[in-house]
Amino acid sequence: MYTDEYTISLSRELSVCGSQVRKVKRALAGLERRYGYTTKDFSARLRSGQMTTDTDDFRKWSGLVVSLRAWTEKEEEYTALLLKMKG
């Protein structure tokens with residue numbers, strides 16, 4: 001059994017996740033424009049060894065990729081819980 005407080009709390013957490021996802025995507029878009037690579041290309045080049053995280057921007061970019069994945073996963077988790085509760 002759940003109460004409206006659970007729904008309110010999950011909705012609030014979803015809002016925070018959405019805000020963070022948008023913030024990270026904006027930062028990634030800035031790096032993509034600056035270096036002319038998509039984040040997907042950057043990640044592939046990093047994995048293949050064509051690029052390293054030897055610059056501050058590339059370390060930041062790599063961290064943002066990890067952050068986006070974590071926030072997106074959390075957002076999906078909260079969405080599933082909310083749908084289950086309402087279901």
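Roughly how tilted is helix 39-48, in degrees to the nearest 10 and between 0 and 90, from the longest Cα axis of the chain? Once rounded, one gets 60 degrees.
Shown for the chain: lysine pairs separated by 8 or more places, or found on different chains, whose C-alpha atoms are under 30 Å apart, numbering 15. You can think of it this way: the chain between Glu76 and Thr53 has 5.4 nm of extra reach, that is 0.36 nm per residue less the Cα-Cα gap.
For the chain, adding -39500 (n - 2.57) for each run of n ≥ 4 DSSP H residues and dividing by the number of residues yields -29500 deg cm²/dmol at 222 nm.
Using just the C-alpha positions of the chain as equal point scatterers, what log10 of I(q)/I(0) does the Debye formula give at each q in 0.12 1/Å? For the chain, the Cα-only Debye profile gives -0.47. Only the Cβ atoms of Lys and Arg (+1) and of Asp and Glu (-1) were treated as charged; on that basis the dipole of the range 4-81 about its Cα centre amounts to roughly 480 debye.
Here, each number is a calculation from the coordinates, and none is a lab measurement. Predicted model, so just to flag it, every value in this text is computed and none were measured. Ideal geometry is used to build each Cβ from the backbone, glycine not excepted, and the neighbour counts take in all protein chains shown.
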